[in-house]
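J.: Mind looking over this structure? Questions follow.
The values are calculated or read from the model by the stated rules, or taken from the named source; none is laboratory data. Just so you know, these numbers come straight off a predicted model, no measurement behind them. Cβ sites come from the backbone with ideal geometry, for glycine too, and all protein chains shown count toward neighbours. Remember, those area values only see protein heavy atoms, side chains included, never the ligands or the DNA or RNA. Shrake-Rupley method; radii C 1.70, N 1.55, O 1.52, S 1.80 Å.
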Amino acid sequence: MLAGLMQNVPLTLNLIRERVADLYPNKTVTTRYPHAIHVIGYGEVLDRAGHIANFLQDIGITRGERVATLAWNSHRHLELYMAVPCMGAVLHTINARLLGPDIARLLDHADDRALFVDRSIWKTIGHEIDLPRRVRHVVVMEDEPDQMLDPPARAGTTQAHYEDMIRPHQAAFAWPVLSEDEVASLCYTSGTTGNPKGVLYSHRSTTLHTLACLFADGIAMRERDVCLPAVPMFHANAWGFPYAALMAGANLALPCRQTDPTSLVELIEAAHVTMATAVPTVWIGFLDHLRRDASALGRISSLKRLPVGGAAIGRSFIDDFTRYGIEDMHCWGMTEISPLGLTNVERSDLDDAQVRETRTAQGLPIPGCRLRIVDADGARCVTDGKMPGELQISSPWAAGAYFDRAAEEKGLHPEGSFVVDEGRVWLRTGDIATSDPHGYVRIVDRAKDLIKSGGEWISSQALELQLMNHPDVREAAVVARPDPKWQERPVICVALHEDTKELRERFQQDYGSALSEHFPKWQIPQEVVFLTELPKGKTGKIDKIALRTAMQPAQ
């Protein structure tokens, strides 16, 4: 077999580090801490990453060992994003919204050796975390001005301030030549359908995913952008946006833990943000703020694009932002695919009506990501935009197995999350979807969220999308309530823009006729539960488990 004669440069995150050092040392990351706005250049971020790598090497962290973070979106967390993987260790980002015992279990399962933690998190839940014995070093990062170390770490574990620990070390570090198949980072799924499962991202997968974010038919991030990832950096690497910004040379704006509308407006104005990303619940509150405060619109004039993922968005959501001169891009992904899989970009062969119709779909697979939709027997579904099936993904940045600490090597997960077929591994996403003749994928529902009534399936997400078009609705979810006759019946859980008796009565009167234009009578819910706010899970999405639990009959 004739081999190619090209340079064998490994696809590792050191490519990003080197590119930033060569081209973009003067670009900046702006962090909005609770007490101040902090600006630092990318060149200094890389120098400080060198300090961190030397510190980690001095305390005995070696290639392949895990280093955990419990941190918000900040320049310090970004320094760890560079330092830990580029020295050959594994960055394990832990969801800061978990309870202490859950965090302790993840630290133990991952076999972490060191923990970097924001002080605001440590003082709140540190006393709840029973540190595993392998965690010998806790480094507290100051996201608040108070310098107290609170609470104390377990006896036998060193604990110190981030700045105090890295300052004595040199910025120059002998960055190793890594294999692209080495592990770069570890993320755990949110565990909404069982115990959290570990996903090990390789340098190769993360580098390819980063490049895909720069594609014109990906996120299309450019050097001239200022990117604000409001999605947490502990959630699937902030959807890959920090690495993409570094690779593109785009400035970054990081909100720490302040993702309320007022704080976001302040950061957008200060950093001249051009694109921002978060789950829809963040932007729903942001829209409400713009409606109430006319002056805020002038302060965010730089903002032009919102890639939105994590939940479906309706046409009214898109239209509302369009009126403010901001373009929404519907996206879809999951932790197991690094996480970007679909982006809603406009095809040239669509007319205006088709473009409007497809904008609420999750979109087309980004280059490098292949998908299929299959029925219960594994046969491909017809691509008519109507026939639903399970969405399965195959990609260089999709997981092929879950992290098995005991073996520390690949092996198919016992839950059957992967299928080997057509000469490749397919990830079973658990999403039910359709695909139209143009390739646009629409997530119909999560398999666990489908409602079976009288032996027929009802899509909760399809109902939710139409409910979100109602002018009085702020948030909506549809869940199943057990029914003695029909097995299950759908129930609307809704939060209105203004929770008044008048708006409740108006919604009760007209939601049925609005839904009847799109659904047969038997699919339309007869029951409405009004809430001031829908419960949210640890990733900011509407918590349907909590809603379904509330729908259960009293024992």
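J.: Give me the pairs, please: first residue somewhere in the stretch 522-551 and more than 21 Å from Leu98 (Cβ to Cβ), second residue anywhere and surrounded by 15 or more Cβ atoms within 10 Å (Cβ to Cβ) and of a type in the set (Ser, Thr, Tyr), beta-carbon distance under 8 Å, and either six or more positions apart or on two chains.
T.: Here the result reads Trp522/Ser453; Gln523/Ser453; Val528/Tyr511, each pair linking the stretch 522-551 to a residue that is surrounded by 15 or more Cβ atoms within 10 Å (Cβ to Cβ) and of a type in the set (Ser, Thr, Tyr).
J.: State all residues of the stretch 97-117 that are within 20 Å of the chain's Cα centre (by Cα) and open to solvent by 10 Å² or more (accessible area, probe 1.4 Å); if no residue qualifies, say none.
T.: Result: Arg97, Leu98, Leu99, Asp102, Leu106.
J.: Out of the stretch 538-555, which residues are small (Gly, Ala, Ser) and open to solvent by 30 Å² or more (accessible area, probe 1.4 Å)?
T.: Residues satisfying the conditions are Ala546, Ala550, Ala554.
J.: Of Arg474, Arg481, which residue is touching a residue at least 40 places away in the same chain (Cβ under 8 Å), open to solvent by 10 Å² or more (accessible area, probe 1.4 Å) and over 19 Å from Asp510 (Cα atoms)? Write out each step before concluding.
T.: Values: Arg474 fails: over 19 Å from Asp510 (Cα atoms).
None of the other options fit; the residue is Arg481.
J.: Go through (1) under 26 Å from the mean Cα position of the chain (by Cα); (2) more than 15 Å from Val117 (Cα to Cα); (3) open to solvent by less than 30 Å² (accessible area, probe 1.4 Å) one by one and return the number of the condition Asn54 breaks.
T.: (1)
J.: Can you name every residue in the stretch 517-527 that is touching a strand residue (DSSP E or B) at 6+ places or on another chain (Cβ under 9 Å) and either aromatic (Phe, Trp, Tyr) or surrounded by fewer than 16 Cβ atoms within 10 Å (Cβ to Cβ) (or both)?
T.: Answer for the stretch 517-527, where residues must be touching a strand residue (DSSP E or B) at 6+ places or on another chain (Cβ under 9 Å) and either aromatic (Phe, Trp, Tyr) or surrounded by fewer than 16 Cβ atoms within 10 Å (Cβ to Cβ) (or both): Phe519, Trp522, Gln526, Glu527.
J.: Identify all residues within the stretch 274-284 that are modelled with pLDDT under 90 and in a helix (DSSP H, G or I); write none if there are none.
T.: Pro280, Thr281, Ile284
J.: Can you list the helices (runs of 4 or more DSSP H) lying wholly within the stretch 60-146 that have 3 or more residues being over 24 Å from Asp47 (Cβ atoms)?
T.: Here the list reads 100-110, 119-125.
J.: Which of the numbered conditions does Arg299 fail, given that it passes all the others? Conditions: (1) in contact with a Lys or Arg (Cβ under 8 Å, 6 or more places away or on another chain); (2) open to solvent by 30 Å² or more (accessible area, probe 1.4 Å).
T.: Of (1) in contact with a Lys or Arg (Cβ under 8 Å, 6 or more places away or on another chain); (2) open to solvent by 30 Å² or more (accessible area, probe 1.4 Å), only one is false for Arg299: (1).
J.: Which residues, counting only those in the stretch 405-438, are surrounded by 15 or more Cβ atoms within 10 Å (Cβ to Cβ), at pLDDT 95 or above and in a loop (DSSP other than H, G, I, E, B)?
T.: Asp436
J.: On to the next question. Among the numbered conditions (1) more than 22 Å from Cys227 (Cα to Cα); (2) of a type in the set (A, V, I, L, M, F, W, C); (3) open to solvent by less than 10 Å² (accessible area, probe 1.4 Å), tell me where Leu11 comes up short.
T.: (3)
Condition check ((1) open to solvent by less than 50 Å² (accessible area, probe 1.4 Å); (2) over 28 Å from Glu346 (Cα atoms)) across all residues:
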{"residue": "Ala171", "(1), (2)": "yes, yes"}
{"residue": "Asp181", "(1), (2)": "no, yes"}
{"residue": "Ala184", "(1), (2)": "yes, yes"}
{"residue": "His209", "(1), (2)": "yes, no"}
{"residue": "Ala220", "(1), (2)": "yes, no"}
{"residue": "Asp225", "(1), (2)": "yes, no"}
{"residue": "Val231", "(1), (2)": "yes, no"}
{"residue": "Asn237", "(1), (2)": "yes, no"}
{"residue": "Thr274", "(1), (2)": "yes, no"}
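J.: Same structure again: Give the stretch 493-516 a look and list any residue that's closer than 20 Å to Trp457 by Cβ and either assigned to a loop (DSSP other than H, G, I, E, B) or open to solvent by less than 20 Å² (accessible area, probe 1.4 Å) (or both), or say none.
T.: Listed by number, the residues that qualify are Cys493, Leu515.
J.: So how many residues does the stretch 220-249 have that are outside any helix (DSSP H, G or I) and under 14 Å from the mean Cα position of the chain (by Cα)?
T.: Total meeting the criteria: 9.
J.: Looking for whichever is of a type in the set (Gly, Ala, Ser) and surrounded by fewer than 20 Cβ atoms within 10 Å (Cβ to Cβ) here; the options are Ala248, Ala294. Which one fits?
T.: Exactly one residue qualifies, and that residue is Ala294.
J.: Please enumerate the residues belonging to the stretch 307-366 that are under 24 Å from Asp225 (Cα atoms), small (Gly, Ala, Ser) and open to solvent by less than 20 Å² (accessible area, probe 1.4 Å).
T.: Scanning the stretch 307-366 gives Gly309, Ser338, Gly341, Gly363.
J.: Only one residue in Ala68, Ala21, Ala36 is surrounded by fewer than 18 Cβ atoms within 10 Å (Cβ to Cβ) and in contact with a Leu (Cβ under 6 Å, 6 or more places away or on another chain). Which one? Give the steps one after another, and end with the answer.
T.: Details: Ala68 fails: surrounded by fewer than 18 Cβ atoms within 10 Å (Cβ to Cβ); Ala36 fails: in contact with a Leu (Cβ under 6 Å, 6 or more places away or on another chain).
Being surrounded by fewer than 18 Cβ atoms within 10 Å (Cβ to Cβ) and in contact with a Leu (Cβ under 6 Å, 6 or more places away or on another chain) holds for just one of Ala68, Ala21, Ala36, which is Ala21.
J.: How many residues are over 31 Å from the mean Cα position of the chain (by Cα) and outside any strand (DSSP E or B) when one looks only at the stretch 466-492?
T.: 3
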